[in-house]
Amino acid sequence: MVGRKIVLALVVSALLAALVLAGGCGTKEEPAPAVQQTSETAVAPAPSSAPSGGQTVHMNGRSVMFNWMKHWGYQGEGTVKKNGYTFDYKALDASELGNMSGSFASNTEGLPAGSIVFYKFCFADFSGDNLKALQDIVDKVVATAKERGFKLIVGNALPVRKQDGSPEMIKEYSAYNTWLEAKARTDGFTVFDQYSVLAGPDGFLNTSYETEDSHPNDEAYVAMDAQFFPLLNGISAK
């Protein structure tokens with residue numbers, strides 16, 4: 001009897017030890033049906049990093065870029081999906097104009113070669129007398145993108161309302177856009193011609209796209225979408 005009790009105690013102890021060990025292991029290798037059901041439940045609602053057949057586009061900008069993302073349903077964090085693409089947003093440090101190229105480099109650090117990245121200035125960055133400073137920043141942004149093997153998109157000039165602008169700014173818009181197109185041909189990046197979409201006949205923000213300041217309205221973003229997504233499809237197919 002004593003021998004049987006010892007054997008029984010050993011069996012029970014072994015079973016308890018097995019249960020303890022099982023509880024401390026990951027469940028991914030468990031073959032039990034209950035674990036399979038849990039896995040299906042967890043995977044079903046979890047979105048992939050990008051829609052099937054699409055890519056993630058990394059948007060670097062300021063308030064106009066942020067509002068464009070909101071137009072697509074962005075909630076201020078994480079990502080948003082639109083037309084088969086996943087978009088994330090990174091704000092550029094504009095505490096000083098010269099900080100923006102370094103901010104772009106920090107925002108895109110660690111992204112794999114082939115990533116699609118978008119850079120644009122804000123309307124507030126054009127003053128009519130700082131063309132060289134803007135060009136220097138883009139030179140550095142392009143250099144970073146080339147070094148890291150990105151597919152770079154650069155937005156051209158973003159116009160302000162007429163009451164917020166000056167004749168000098170119109171000249172700067174034209175000079176910047178012409179220079180940017182030439183640089184894109186030399187350095188192999190893509191220009192998104194947002195200026196042609198947003199500017200009215202006088203070169204300032206189209207009055208139908210105005211808000212209480214120089215930020216474009218939702219109608220403007222709809223017009224930008226119509227030009228942007230076909231451009232993006234061509235880039236992602238390369």
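No value in this document is a laboratory result; all are computed from the given coordinates. On a predicted model such as this, the values are computed, not experimentally measured, just so you know. FYI the Cβ positions are ideal-geometry reconstructions off the backbone, even for glycines, and counts take in every protein chain you see.
Figures for the structure shown
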quantity: Single residue of K70, K132 found to be in a helix (DSSP H, G or I), free of Cβ contacts under 8 Å to residues at least 12 places away in the same chain and under 14 Å from the mean Cα position of the chain (by Cα); calculated: K70
quantity: Region 198-220 residues that are exposed (fewer than 15 other Cβ atoms within 10 Å of the Cβ), paired with ones that are in a loop (DSSP other than H, G, I, E, B) (beta carbon under 6 Å, 6 or more apart); calculated: T211/N217
quantity: Residue in region 64-116 that is farthest from P230 (Cα to Cα), counting only those that are out of contact with any Gly (no Cβ under 9 Å at 6 or more places or on another chain) and among the charged types (D, E, K, R); calculated: E96
quantity: Within region 171-219, tally of residues that are under 29 Å from E147 (Cβ atoms) and small (G, A, S); calculated: 4
quantity: Filtered residues of region 140-177 (kept if touching a residue at least 12 places away in the same chain (Cβ under 8 Å), over 15 Å from L198 (Cβ atoms) and among the charged types (D, E, K, R)); calculated: K140, K146, R148, K151, E168, K171, E172
